[in-house]
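Worksheet for the structure shown next.
The values are calculated or read from the model by the stated rules, or taken from the named source; none is laboratory data. Bear in mind that the values here come from a model prediction, so they are computed numbers and not experimental data. In this analysis, Cβ positions are derived from the backbone assuming ideal geometry, glycine residues included, and neighbour counts consider all displayed protein chains.
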Amino acid sequence: MSERETWTSRVGFILAAVGSAVGLGNIWSFPFQTASNGGAAFLVVYLLAVFLIGFPAMLGEFVIGRRSEQNAVEAFRSLGFGEWSVAGGLGVVGSFVTLAFYSVVGGWVLSYIVGSVTGAYLGDPGAYFGAVSAGPIAVATHAVFMALTIGIVALGVTDGIERATKVMVPAIFVLIGGLAVWVSTLDGASDGYSYYLSPDVSVIAGDLAGIVPSAVGQAFFTLSLGFGVMIAYSSYLGRDDSLPADGSAIVVVNTLVALLAGFVVFPVLFAIEGAVPESGGAGTAFTALASAFSQIPGGQAIGLGFFVVLLLAALSSSISLLEVPTSFVVDRTGYDRTPTAVGLGVLVAIAGVPTALDTGILGWYNDVVFNLLLPLAVLVIAVFVGWVADDQLAEELDLGSSFGDDFSTVWLWWIRIVIPVAIGGTLLLGIQSLLVKAGVLSAPVILG
Ligand code: TRP
């Protein structure tokens, strides 16, 4: 078997992980979730979830990955806990299902790039969304997006993922920063900002049972946790890197991009009156933005920039989702990476076809991931790190770290107690909300 690759530099790892984290979750879902859930009040809940639950959980994946130098499944076996490989198996399934619908939305983004160039959505944004979001066009663009993803992963960890994210992540920053400055000059920008961030505690108080699990789910999703991406990525890492320092950098940068995305989206929507979508269905962001782009000065160019950012963000995330099953099969069987990535990518593409034909099915994939698979996967990893693995993992956190061993002691207790309790509660609320949506429960029972 050929030797396992490693990142060529610390920055390479950080950019790859930021690339995974920054995605549709930051630029497409985050601003709308914030705006419709009470603005700055939601932001507080979300930031708490990111820093107090997401960040320590991310460190949990880092120690597993770096200690074992293995993919998400073999990692548990090589640490001496073969029966916990099911945790990694859950990650493989989770990343597979997530990528299946994520790449469909990636395909929509491709259609909107084309539409920004040709002006195709300018006349009737609603009809354009209908035409590209479900049906043959959606299947085709989904396939193209998967082909791009497969291409990068097939090239390898350093020549594919590291090289691609080194270009994509800085480009995302420059473009989204530039767009935020540009749109600040639009009429209505300040109304947009205040809509985005004005705290409305009553919204949160009124729907705690819905908002808490969505904030926690969003935190896990945006940090790419649970499904072993961070295990796989940190397995290509050297011992002298500080995991807490790298993890903080990743979390902070990811949060900044999400916040910035709101500073692009809301001035645009407020530049034309009453353009903020009422209920945030999957397509509202696309139709509302497209209709704003068709009316504001320079809208087509801003739209092109925006959808290019969205594409770069989506691609640098989708490659991490494909890397999870790919690294598993490559490590396990010694097959060549290229045919493995192609074979798995084709399977994912096939699994995504139903979601490309029906946005309702896409919504179901999404809900199952957010409310069930994701919190469950993070919970299992936290229990493993906190209660099952011996002290080797807390030691691993200290290697190369200047945070001191008090930090790792607090972290260990945090991951033992606080995280399982927080996620257990979230999971109950998440299952409840699935049951409410499916009509099994007529109203939330807990926190209802
Ligand atoms: N974090 C990405 C986003 O915000 C999505 C993503 C990539 C992801 N890899 C993941 C989500 C692993 C969960 C698990 O769009």
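Phe307 is checked against (1) under 28 Å from Leu362 (Cα atoms); (2) within 14 Å of the ligand (Cβ to nearest atom); (3) crowded, with 23+ Cβ neighbours inside 10 Å and fails just one. What number does that condition carry?
Of (1) under 28 Å from Leu362 (Cα atoms); (2) within 14 Å of the ligand (Cβ to nearest atom); (3) crowded, with 23+ Cβ neighbours inside 10 Å, only one is false for Phe307: (2).
Please state which one of Asp398, Asp405, Asp390, Asp358 is over 21 Å from the mean Cα position of the chain (by Cα), of a type outside the set (Val, Ile, Thr) and crowded, with 17+ Cβ neighbours inside 10 Å. Give the derivation first.
Working: Asp405 fails: crowded, with 17+ Cβ neighbours inside 10 Å; Asp390 fails: crowded, with 17+ Cβ neighbours inside 10 Å; Asp358 fails: crowded, with 17+ Cβ neighbours inside 10 Å.
None of the other options fit; the residue is Asp398.
Can you pull out every residue in segment 45-84 that is surrounded by fewer than 20 Cβ atoms within 10 Å (Cβ to Cβ) and more than 19 Å from the chain's Cα centre (by Cα)? Steps first, answer last, please.
Restricting attention to segment 45-84, the residues satisfying the condition of being surrounded by fewer than 20 Cβ atoms within 10 Å (Cβ to Cβ) are 47-48, 51-52, 69, 77-78, 80-83.
Of everything in segment 45-84, those that are surrounded by fewer than 20 Cβ atoms within 10 Å (Cβ to Cβ) and more than 19 Å from the chain's Cα centre (by Cα) turn out to be Glu69, Arg77, Ser78, Gly80, Phe81, Gly82, Glu83.
Please work out which residue is nearest to the ligand (Cβ to nearest atom), limiting yourself to segment 316-337 and to residues that are surrounded by fewer than 17 Cβ atoms within 10 Å (Cβ to Cβ) and at negative phi. First the steps, then the outcome.
So the first thing to find is which residues in segment 316-337 are surrounded by fewer than 17 Cβ atoms within 10 Å (Cβ to Cβ), and the list is 332-336.
Filter once more, keeping what is at negative phi: 332-333, 335-336.
On the way: Arg332: 20, Thr333: 23, Tyr335: 23, Asp336: 24 Å.
Taking the candidates together, the pick is Arg332.
Grab the helices (runs of 4 or more DSSP H) fully contained in segment 358-448, keeping just those with 2 or more residues being touching a Ser or Thr at 6+ places or on another chain (Cβ under 7 Å).
Numbers: elements: 359-368, 374-383, 392-398, 405-413, 419-438.
Qualifying helices (runs of 4 or more DSSP H): 359-368, 392-398.
Can you pull out every residue in segment 71-100 that is within 11 Å of the ligand (Cβ to nearest atom) and in contact with a Gly (Cβ under 8 Å, 6 or more places away or on another chain)?
Ala72, Gly91, Gly94, Ser95, Leu99
Of the residues that sit in segment 3-36 and are in contact with an Asp or Glu (Cβ under 8 Å, 6 or more places away or on another chain) and in a loop (DSSP other than H, G, I, E, B), which one is surrounded by the most Cβ atoms within 10 Å (Cβ to Cβ)?
The initial filter retains those residues of segment 3-36 that are in contact with an Asp or Glu (Cβ under 8 Å, 6 or more places away or on another chain), namely 4, 7-8, 10, 12-17.
Now drop any that are not in a loop (DSSP other than H, G, I, E, B), which leaves 4, 7-8.
Values: Arg4: 14, Trp7: 22, Thr8: 15.
The qualifying residue surrounded by the most Cβ atoms within 10 Å (Cβ to Cβ) is Trp7.
Check segment 234-252 and report whether any residue there is hydroxyl-bearing (Ser, Thr, Tyr), closer than 30 Å to Thr338 by Cβ, under 23 Å from the mean Cα position of the chain (by Cα) and not in a helix (DSSP H, G or I). First the steps, then the outcome.
Initial filter on segment 234-252 (hydroxyl-bearing (Ser, Thr, Tyr)): 234-236, 242, 248.
After this cut, where a residue has to be closer than 30 Å to Thr338 by Cβ as well, the list is 234-236.
Filter once more, keeping what is under 23 Å from the mean Cα position of the chain (by Cα): 234-236.
Of the ones still in play, those that are also not in a helix (DSSP H, G or I) are 235-236.
Yes, segment 234-252 contains at least one residue that is hydroxyl-bearing (Ser, Thr, Tyr), closer than 30 Å to Thr338 by Cβ, under 23 Å from the mean Cα position of the chain (by Cα) and not in a helix (DSSP H, G or I).
Might you let me know whether segment 190-200 holds any residue that is over 28 Å from Val268 (Cβ atoms), of a type in the set (A, V, I, L, M) and modelled with pLDDT under 90? Walk me through how you get there before you give the answer.
First pass over segment 190-200, keeping only residues over 28 Å from Val268 (Cβ atoms): none.
No; the residues of segment 190-200 include none that is over 28 Å from Val268 (Cβ atoms), of a type in the set (A, V, I, L, M) and modelled with pLDDT under 90.
Enumerate the pairs (first residue in segment 97-122 and in contact (Cβ under 8 Å) with a residue 60 or more places away in the chain; second residue anywhere and in a helix (DSSP H, G or I) and charged (D, E, K, R)) with beta-carbon separation below 8 Å, excluding pairs fewer than 6 apart on the same chain, so at least 6 apart or on different chains.
Filtered contacts from segment 97-122: no entries.
Have a look at Ala180, Ala164 and point out the one that is away from the ligand (no atom under 16 Å from the Cβ), more than 30 Å from Leu379 (Cβ to Cβ) and in a helix (DSSP H, G or I). Step through it out loud before you land on a result.
Values: Ala164 fails: away from the ligand (no atom under 16 Å from the Cβ).
From the options Ala180, Ala164, the qualifying one is Ala180.
Considering only segment 209-251, state which residues are surrounded by fewer than 20 Cβ atoms within 10 Å (Cβ to Cβ) and within 15 Å of the ligand (Cβ to nearest atom).
Matches in segment 209-251: none.
Just the residues that are among the hydrophobic types (A, V, I, L, M, F, W, C) and closer than 15 Å to Leu289 by Cβ, please, taken from segment 115-144.
Taking segment 115-144 first, the residues among the hydrophobic types (A, V, I, L, M, F, W, C) are 117, 120, 122, 127, 129, 131-132, 134, 137-140, 143-144.
Correct list: Ala120, Leu122, Phe129, Val132.
Taking the condition of being of a type in the set (A, V, I, L, M) and within 16 Å of the ligand (Cβ to nearest atom), how many residues in segment 10-45 meet it?
First pass over segment 10-45, keeping only residues of a type in the set (A, V, I, L, M): 11, 14-18, 21-22, 24, 27, 35, 40-41, 43-45.
Those still in the list that are within 16 Å of the ligand (Cβ to nearest atom) too: 14-18, 21-22, 24, 27.
So the count comes out to 9.
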